[in-house]
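Contents: one structure, followed by commentary.
The values are calculated or read from the model by the stated rules, or taken from the named source; none is laboratory data. The structure presented is a predicted model; accordingly, all values stated were derived computationally and were not measured. Every residue, glycine as well, gets a Cβ built from its backbone with ideal geometry; the counts of neighbours run over all protein chains shown.
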Ligand code: PLP
């Protein structure tokens with residue numbers, strides 16, 4: 001009997017400890033972690049710099065309050081502003097709160113422009129969180145079902161379709177912002193084109209809209225640069241972070257640039273825990289380690305090993321619809337539901353995930369080496385081939 005509320009279909013395995021890309025369960029079984037707690041454990045497990053920073057900070061001061069100055073928060077805000085090209089940071093504790101802050105910021109921006117009922121353009125298959133506003137912004141009916149009435153003020157368009165956004169600009173004068181994941185994670189590792197991001201930037205400039213990028217899953221070095229939008233050479237107005245920012249210590253951040261940076265005023269938004277000394281010390285250690293250990297370059301190199309290995313190993317294998325990704329954010333889409341692969345992989349000592357029922361997702365820690373990536377391939381490729389060799393109908397019937 002479990003007293004935890006029944007919100008997850010949990011796999012009956014509990015982990016006790018980890019080291020680098022490896023974790024061990026209660027029975028002593030060892031697993032290669034190609035998921036990193038869904039893009040959270042940036043530095044893998046038990047990274048000495050991170051554990052030291054957390055121990056040192058917790059021995060001095062874990063929490064004070066945003067009623068007072070917080071030195072570690074100031075340092076982290078400055079570092080984030082510098083690496084992202086933004087001017088000010090609001091800290092919270094999770095990805096949905098970062099998105100929630102952006103939605104509120106966009107509405108204030110809209111009201112300041114005289115728009116009574118401001119709306120935000122959002123994408124099909126997007127995922128922005130599970131609070132009422134962020135699930136309303138999310139493009140997945142499963143996440144929304146049962147929670148109606150949804151929060152109004154979102155205009156949904158297909159991803160990578162600039163004409164649809166231009167149409168919204170012509171038809172809907174209430175639009176004040178665009179919210180987009182530069183790589184959709186939960187939606188199945190769907191890449192936005194760099195051209196599309198640049199066109200969105202131009203359109204937002206013309207319309208006086210805010211361009212808000214949700215890099216909660218794809219950001220922070222995973223694709224070889226700090227942020228995916230930097231590959232497109234654009235500067236968003238708002239950048240949302242969480243997940244990997246403190247390598248597992250809960251933190252979220254809403255970064256803003258230019259006029260967007262001064263939309264919030266004292267009293268308009270806040271968070272009890274947001275940006276507390278412990279979380280900020282962990283985030284600072286994470287960002288420093290990414291730089292000191294050249295983990296962005298590593299993510300690019302090791303991501304290419306994984307992508308090339310998957311493409312080579314699955315070439316002409318029937319049932320593979322598409323292999324896509326950027327750096328250490330990779331999806332293998334199959335023509336059938338494949339949730340069972342998670343269990344098969346665990347039995348073989350590998351942690352992966354399946355999203356949208358039929359996309360195998362890899363989000364390894366940024367510390368994964370090429371050798372470890374080849375170990376991932378050595379386990380995953382035969383599993384995928386065996387799985388796909390079964391009749392699709394039989395797999396679908398069991399799913
Ligand atoms: N935004 C994106 C892109 C995400 O992938 C997620 C979580 O998966 C969220 C927001 C919500 O983050 P959290 O679960 O920390 O609220």
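Of all the numbered requirements in (1) assigned to a helix (DSSP H, G or I); (2) under 20 Å from the mean Cα position of the chain (by Cα); (3) surrounded by 21 or more Cβ atoms within 10 Å (Cβ to Cβ), residue 204 misses one, and that requirement is (2). Where helices (runs of 4 or more DSSP H) sit wholly within the stretch 258-360, none has at least 3 residues that are in contact with a strand residue (DSSP E or B) (Cβ under 8 Å, 6 or more places away or on another chain) and surrounded by fewer than 16 Cβ atoms within 10 Å (Cβ to Cβ). Among the residues here, residue 236 qualifies as crowded, with 24+ Cβ neighbours inside 10 Å and either at pLDDT below 95 or in a loop (DSSP other than H, G, I, E, B) (or both).
Filtered by the rule that a residue be part of a loop (DSSP other than H, G, I, E, B), in contact with a strand residue (DSSP E or B) (Cβ under 7 Å, 6 or more places away or on another chain) and surrounded by fewer than 23 Cβ atoms within 10 Å (Cβ to Cβ), the stretch 14-43 gives 14, 26, 35. Only a single item in (1) within 30 Å of residue 236 (Cα to Cα); (2) under 25 Å from the mean Cα position of the chain (by Cα); (3) outside any strand (DSSP E or B) is not met by residue 6, and it is number (1). Which of the following residues is at positive phi and modelled with pLDDT of 95 or more: 296, 356, 329? Step by step, each of 296, 356, 329 is checked, and only 356 is at positive phi and modelled with pLDDT of 95 or more. Scanning the stretch 54-70 for residues being surrounded by 13 or more Cβ atoms within 10 Å (Cβ to Cβ) and assigned to a helix (DSSP H, G or I) gives a total of 3. Working only within the stretch 239-257, note down all residues that are within 30 Å of residue 199 (Cβ to Cβ) and either outside any loop (DSSP other than H, G, I, E, B) or at pLDDT below 95 (or both). Of everything in the stretch 239-257, those that are within 30 Å of residue 199 (Cβ to Cβ) and either outside any loop (DSSP other than H, G, I, E, B) or at pLDDT below 95 (or both) turn out to be 239, 240, 241, 243, 244, 245, 252, 253, 254, 255, 256.
Take residue 229 and decide whether it is farther than 28 Å from residue 17 by Cα, assigned to a helix (DSSP H, G or I), at pLDDT 95 or above and within 16 Å of the ligand (Cβ to nearest atom). Don't jump to the end; show me each part of the working.
Numbers: farther than 28 Å from residue 17 by Cα: yes; assigned to a helix (DSSP H, G or I): yes; at pLDDT 95 or above: yes; within 16 Å of the ligand (Cβ to nearest atom): yes.
Taking the combined requirement at face value, the residue satisfies it.
With the requirement that a residue be more than 9 Å from the ligand (Cβ to nearest atom) and either in contact with a strand residue (DSSP E or B) (Cβ under 7 Å, 6 or more places away or on another chain) or at pLDDT below 95 (or both), what does the stretch 114-138 give you? Please lay out each step first, then the result.
We begin by selecting, within the stretch 114-138, every residue more than 9 Å from the ligand (Cβ to nearest atom); these are 114-125, 132-133, 135-137.
Of everything in the stretch 114-138, those that are more than 9 Å from the ligand (Cβ to nearest atom) and either in contact with a strand residue (DSSP E or B) (Cβ under 7 Å, 6 or more places away or on another chain) or at pLDDT below 95 (or both) turn out to be 115, 118, 119, 120, 121, 122, 123, 124, 125, 136, 137.
Pairs are defined by a Cβ separation below 7 Å, a sequence spacing of at least 6 or placement on different chains, a first member in the stretch 170-196 that is more than 30 Å from residue 361 (Cα to Cα), and a second member that is assigned to a loop (DSSP other than H, G, I, E, B); the pairs so defined are 174/115; 174/117; 174/118; 175/209; 176/113; 176/115; 176/118; 176/209.
Once the stretch 242-257 is narrowed to residues that are under 19 Å from residue 120 (Cα atoms) and crowded, with 24+ Cβ neighbours inside 10 Å, the residue that is nearest to the ligand (Cβ to nearest atom) is 254.
Within the stretch 139-169, being under 14 Å from residue 187 (Cβ atoms) and in contact (Cβ under 8 Å) with a residue 40 or more places away in the chain holds for 139, 140. When the residues of the stretch 207-226 are filtered to those that are away from the ligand (no atom under 16 Å from the Cβ) and more than 16 Å from residue 300 (Cβ to Cβ), the one that is nearest to the chain's Cα centre (by Cα) is 210.
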